[in-house]
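Contents: one structure, followed by commentary.
The values are calculated or read from the model by the stated rules, or taken from the named source; none is laboratory data. For clarity, every value in this text was computed on a predicted model and none was experimentally measured. Methodologically, a virtual Cβ is constructed for each residue, glycine included, from the backbone with ideal geometry; neighbour enumeration extends over all protein chains shown. These accessible areas exclude ligands, DNA and RNA; they are computed on the full protein's heavy atoms, side chains included. Shrake-Rupley method; radii C 1.70, N 1.55, O 1.52, S 1.80 Å.
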Amino acid sequence: MTVRTLPERYLTPADVAELLGVPVETLYQWRRKRTGPPAFRVGRHLRYDPVRLRQWVDGLTEVAA
């Protein structure tokens, strides 16, 4: 199993979908339901902060444990 490190830049929906192994449309559905990782807009573009994405994932793993 390969361990991926998060990039030093803000992530696109395609980046996050690849990291999480879900379709991009799933990210958009999660955003509409307010259940997914926190994101912000830069103009028309949606971006994710790698640090906040990690915190969101860590929060999920704490609940599951």
| message | Looking only at region 1-18, count every residue that is assigned to a loop (DSSP other than H, G, I, E, B) and either surrounded by 10 or more Cβ atoms within 10 Å (Cβ to Cβ) or at pLDDT 95 or above (or both) and tell me the total. | response | 5
| note | When every residue in region 26-50 that is assigned to a helix (DSSP H, G or I) and open to solvent by 90 Å² or more (accessible area, probe 1.4 Å) is compared, the one nearest to ASP15 (Cα to Cα) is ARG31
